[in-house]
1. Name the residues in region 56-108 that are of a type outside the set (Val, Ile, Thr) and touching a Ser or Thr at 6+ places or on another chain (Cβ under 6 Å), would you?
2. Cβ-Cβ distance below 7 Å, separation of 6 or more or different chains: which pairs start in region 54-65 with a residue that is within 12 Å of Tyr42 (Cα to Cα) and end on one that is assigned to a helix (DSSP H, G or I)?
3. How do the pairs read when you match residues in region 1-12 that are part of a loop (DSSP other than H, G, I, E, B) and open to solvent by less than 60 Å² (accessible area, probe 1.4 Å) with residues anywhere that are at pLDDT below 70 and hydrophobic (A, V, I, L, M, F, W, C), using Cβ under 9 Å and keeping only pairs 6 or more apart or on different chains?
4. Could you grab me the full set of residues in region 37-56 that are hydroxyl-bearing (Ser, Thr, Tyr) and either touching a strand residue (DSSP E or B) at 6+ places or on another chain (Cβ under 7 Å) or open to solvent by 100 Å² or more (accessible area, probe 1.4 Å) (or both)?
5. If we keep just the residues of region 20-59 that are at negative phi and among the charged types (D, E, K, R), which is modelled with the lowest pLDDT?
6. Look at Asp34 and say whether it is open to solvent by less than 40 Å² (accessible area, probe 1.4 Å), acidic (Asp, Glu) and within 25 Å of Glu102 (Cβ to Cβ).
7. Residues that are touching a residue at least 40 places away in the same chain (Cβ under 8 Å) and either open to solvent by 50 Å² or more (accessible area, probe 1.4 Å) or over 13 Å from the mean Cα position of the chain (by Cα) (or both): does region 66-89 have at least one?
Amino acid sequence: MTHWATRVLGDPTVLVQTVTVDGAPAGSIVAWWDQDRRYIGYWLGRPWWGRGIATRALALFLDMEKARPLCADPFIGNTASVRLLERFGFKPTDTVWYGENEHVLLVLDAT
């Protein structure tokens with residue numbers, strides 16, 4: 001909670017939204033700066049998977065978050081997340097490693 005209170009919600013450059021379904025929290029979506037790159041990340045509870053909720057949430061969020069280029073770096077094995085980002089125009093540009101975990105770097109350029 002300290003991380004969320006100070007580093008996420010306490011940072012005015014961070015855009016964070018709660019994803020809700022019928023008024024109940026289902027997850028979150030966030031954009032933040034890491035040095036000179038703007039990143040996006042999201043989490044959705046398992047009960048909400050496969051119902052189009054992430055697609056709708058990402059569409060709404062991308063309407064609010066205007067920074068481009070916009071990066072995402074999901075775990076390479078999370079094919080559903082990679083496909084979702086690609087449907088919105090994110091293009092794979094590289095792979096990055098976090099410890100022993102390989103992630104794909106996707107970038108959404110200005111249109």
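1. Across region 56-108, the qualifying residues are Pro74, Glu102, Leu105.
2. Once the first residue is within 12 Å of Tyr42 (Cα to Cα) and sits in region 54-65, its partners that are assigned to a helix (DSSP H, G or I) give Ala54/Leu84; Thr55/Leu84; Leu58/Leu84.
3. Every condition considered, the pairs that remain are Gly10/Trp4.
4. Result: Tyr39, Tyr42.
5. Asp34
6. Judged against the criteria, Asp34 is not a match.
7. There is at least one residue in region 66-89 that is touching a residue at least 40 places away in the same chain (Cβ under 8 Å) and either open to solvent by 50 Å² or more (accessible area, probe 1.4 Å) or over 13 Å from the mean Cα position of the chain (by Cα) (or both).
The values are calculated or read from the model by the stated rules, or taken from the named source; none is laboratory data. Nothing here was measured: the structure is a model prediction, and the numbers come from that model. When we count neighbours, we look across all protein chains shown, and the Cβ atoms used for this are built from the backbone with ideal geometry, even at glycine. We work out accessible area using only protein heavy atoms, side chains counted, and drop any ligands, DNA or RNA first. Shrake-Rupley method; radii C 1.70, N 1.55, O 1.52, S 1.80 Å.
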